[in-house]
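> Before I ask anything, let me first share the structure, which is written out below as structure tokens.
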Amino acid sequence: MTIIEDQQAQYLIKSLQHHPSPYLILTKEAGVEWMNKSAQYVFDTTEISDIDIAPIVSHGASKKIEAIGSSFQSDLELSLRKIKFFLRSRIHEIPLDKEDSFFLIEVLAQSEAALSALKNTIACLENDRIDMAYQKQYDLQTGNLASVETLLRLKDEKGEIIPNNELIPLVEGESLFSLVVLASMQKLKDIFLFKKEKNLDFTVFLNVSAYTAMQENFCKLILDFVEENDLNPGDLGLEITETAELEDRARAAKYFEKLKEHGIPLALDDFGAGYSSLSYLRDLPITLVKLDKDFSQTVSEEDTQELVRFVVTICKNMELGMLAEGIETKEQEDTFTKLGCQKGQGFFHHRPQFLDDFKKEFE
Ligand code: C2E
Ligand code: MG
Ligand code: MG
């Protein structure tokens, strides 16, 4: 008899079928026996044979199955058609009659939006709908190209771009996101080839979240990439975002110091907004401060100008580069230049372009 034929399990299945969280039932031999509607939605499958879950090592030393099953949180290793990844989950060990038991797995996600972000990320990875757009950063005095920022572009099944701000914050804490980082780095290879071919000299900045930067293998991943693609110092740079998660600052500083020694500059993104704080300027080997784009929207106001002057002064004194993001008008550009800001970026000067169109601008 399979688990799902068991009467007790039948009740469970009935009550969980339409539960908003994804649930799966797994045998002790790690075969998926059932999943609810929400799991079918996230994994985009009704075929349980499409999913494979690595055997679960049950916590708790006791082999005896208690009347109330034990539960524990674990990263579940999952293989889904073309990709393999870990997902945060709560695993409940449910006792069946006498000696037997099975696992009920709840995939952990904070909200409906997080589930949909998970689904979209999985679909983009499986269907190679991951691309990069490139936006110029320029010298405000001369208008010359200074560097380029790469921006992730994930597309839905209709080819429409999924807004980064709606997806990235919800999935960047998942280990699944490291697959997105790897896929985006594959795409980056082409811009470095183009740079070499045309003998162009600018830094290409990749956005990395604090979660990604703190991964064990992050440094090696970047250094291997530099070596494999035969990059020169200053070819690749990193923009660090959402520093809220940089809990172990000393460790982060060590990673970035090592990368800096290998010619990879670090920019502090969205400075002045959210969690990004002044002390990062002291603790991390930053070379460029990027003022958050909110400042551009209000830069005509005296108070904002005062704040910009303050940041300009800090950057000058600490010998850091400074860039104003989100410049949309000539007036904003002029004001930042007047306030002593060194570099700029925004739709007024250049809109993010996919590589083919970006290349055309150098013809
Ligand atoms: P960010 O790094 O601060 O990137 C700047 C965002 O502002 C980009 O949005 C860019 O398209 C947009 N932008 C540029 N100029 C203007 C302007 O003049 N006006 C306005 N209103 N917006 C402008 P995007 O591409 O949607 O990215 C949003 C955020 O997603 C990024 O903010 C970054 O935090 C994150 N992100 C983007 N690409 C990646 C990536 O490859 N990896 C990671 N981890 N995060 C990424
Ligand atoms: Mg950025
Ligand atoms: Mg920014």
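> Which value in deg cm²/dmol, rounded to the nearest 500, describes the helix-derived mean residue ellipticity at 222 nm for the chain, given -39,500 (n - 2.57) per DSSP H run of n ≥ 4 and division by the residue count? If you can, show how the numbers build up before the last one.
Details: 13 runs with 130 residues, N = 363.
My calculation for the chain gives -10500 deg cm²/dmol from helical runs alone.
> With charges only on Cβ, +1 for K and R and -1 for D and E, what is the dipole size of the stretch 3-108 about its Cα centre, in debye, rounded to 20? Write out the running numbers ahead of the final one.
Working: 11 positive and 16 negative charges, 62 e Å.
So the magnitude is around 300 debye.
> With +1 on each Lys and Arg Cβ and -1 on each Asp and Glu Cβ, and nothing else charged, work out how big the dipole of the chain is about its Cα centre, in Debye to the nearest 20. Spell out each step's value before the answer.
Numbers: 39 positive and 63 negative charges, 81 e Å.
Roughly 380 debye, rounded to the nearest 20.
> Could you derive backbone 3J(HN,Hα) for the stretch 76-90 from the dihedral phi with the Karplus parameters 6.51, -1.76 and 1.60 (θ = phi - 60°), listing whole Hz in sequence and x where the residue is Gly or Pro?
Taking θ as phi minus 60°, the curve returns 8, 8, 10, 10, 10, 6, 9, 10, 10, 7, 9, 10, 6, 8, 10 Hz for the stretch 76-90.
> Residue 34: net charge of surrounding residues, Cβ under 14 Å, Lys/Arg +1, Asp/Glu -1, itself excluded?
Numbers: positive: 14, 37; negative: 5, 6, 33, 47, 50, 106.
Result for the neighbourhood of residue 34: -4.
> Right, another one. Take every DSSP beta bridge with both residues inside the chain and express the antiparallel ones as a percent of the total, to the nearest 5. If you can, show how the numbers build up before the last one.
On the way: 42 of 64 bridges.
Of all bridge pairs located within the chain, approximately 65 percent are antiparallel.
> Between the stretch 209-247 and the stretch 121-147, what's the alpha-carbon centroid distance in Å?
For the stretch 209-247 versus the stretch 121-147, the Cα centre distance is 16 Å.
> Classify the stretch 114-360 as rounded, prolate or oblate, taking a ≥ b ≥ c as the square roots of the eigenvalues of its Cα gyration tensor: rounded when a/c is under 1.5, otherwise prolate if a/b is larger than b/c and oblate if not. Write down the numbers at each step before the final one.
Working: a/c = 1.37, a/b = 1.30, b/c = 1.05.
Judged from the Cα gyration tensor, the stretch 114-360 comes out rounded (a/c under 1.5).
> Quick one: what are the phi-derived ³J(HN,Hα) couplings along the stretch 351-358, Karplus 6.51/-1.76/1.60 with θ = phi - 60°, whole Hz, x for glycine and proline?
Karplus values, whole Hz, x for Gly and Pro: 8, x, 10, 6, 4, 4, 6, 4.
> Would you please give the residues with an amide H less than 5 Å from that of residue 239, counting only those at least 5 places away or on a separate chain, with H modeled from the backbone geometry?
Result for residue 239 returns 206, 207, 208, 267.
> Now, a different point. Accessible area of residue 192, 1.4 Å probe, to the nearest 10 Å²?
10
> Further question: Just from the alpha-carbon atoms, what are the Rg and Dmax of the stretch 190-240 in angstroms?
11.8, 35
> Starting from the residue with the highest accessible area, list 119, 14, 330 in decreasing order, probe 1.4 Å.
Greatest to least solvent exposure: 14, 330, 119.
> Looking at the chain, do any whole DSSP H helices span at least 27 angstrom along their long axis by alpha carbon and average 0.0 or above on Kyte-Doolittle, and which?
Numbers: long enough: 177-198 (32 Å, 0.39).
What comes out of the filter, once short or polar helices are dropped, is 177-198.
> Please report the relative contact order for the stretch 114-360, taking Cα pairs under 8 Å with a sequence separation of at least 6, and give it as a percent rounded to a whole number.
Details: 393 pairs, mean separation 48.9, N = 247.
Over the stretch 114-360, the number comes to 20 percent.
> Projected onto the charge dipole of the stretch 1-145 (+1 at Lys/Arg Cβ, -1 at Asp/Glu Cβ, origin at the Cα centre), which of 105, 120, 43 gives the Cα projection farthest towards the positive end?
120
> With +1 on the Cβ of every Lys and Arg and -1 on the Cβ of every Asp and Glu, and nothing else charged, how large is the dipole of the stretch 220-301 about its Cα centre, in debye rounded to the nearest 20? Walk me through the numbers before you get to the answer.
Numbers: 9 positive and 18 negative charges, 66 e Å.
Here the size comes out at about 320 debye.
> Loop only per DSSP, at most 16 neighbouring Cβ atoms within 10 Å: give me the GluC sites (Glu not before Pro) in the stretch 291-355, ordered by residue number.
Values: sites: 301, 302, 306, 319, 325, 328, 331, 333; in loops: 301, 319, 325, 328.
In loop regions of the stretch 291-355 (DSSP not H, G, I, E or B), the sparsely surrounded GluC sites (Glu not before Pro) are 301, 319, 328.
> Take the solvent-accessible surface of the protein heavy atoms, probe 1.4 Å, and return the percent of it on the chain that carbon and sulfur atoms account for.
Numbers: 8890 of 18570 Å².
About 48 percent, which is the carbon plus sulfur part of the accessible surface.
> Also: Express the accessible area of the stretch 215-263 per residue in Å², computed with a 1.4 Å probe while the remaining protein chains stay in the model.
Working: 2730 Å² over 49 residues.
Solvent-accessible surface per residue comes out at 56 Å².
> Here's a follow-up. For a quick check: with amide H placed at 1.01 Å from N, whose amide H comes under 5 Å from residue 146's, ignoring anything fewer than 5 positions away on the same chain?
Placed amide hydrogens put 137, 138, 139 under 5 Å from residue 146.
> Just check the stretch 279-363 against the gyration tensor rule for me: Cα atoms, a ≥ b ≥ c as the square roots of the eigenvalues, rounded for a/c under 1.5, and otherwise prolate or oblate depending on whether a/b exceeds b/c.
Working: a/c = 2.44, a/b = 1.37, b/c = 1.77.
Judged from the Cα gyration tensor, the stretch 279-363 comes out oblate (a/c at least 1.5, b/c at or above a/b).
> Under 5 Å between amide hydrogens, which residues at least 5 positions from residue 354 or on another chain qualify, with H placed 1.01 Å from N in the peptide plane?
When sequence neighbours closer than 5 places are left aside, the close amide H contacts are 134.
The values are calculated or read from the model by the stated rules, or taken from the named source; none is laboratory data. Nothing here was measured: the structure is a model prediction, and the numbers come from that model. Cβ coordinates were reconstructed from backbone atoms using ideal geometry, including for glycine residues, and neighbour counts include every protein chain displayed. Ligands, DNA and RNA are excluded from the accessible area calculation, which covers all protein heavy atoms including side chains. Shrake-Rupley method; radii C 1.70, N 1.55, O 1.52, S 1.80 Å.
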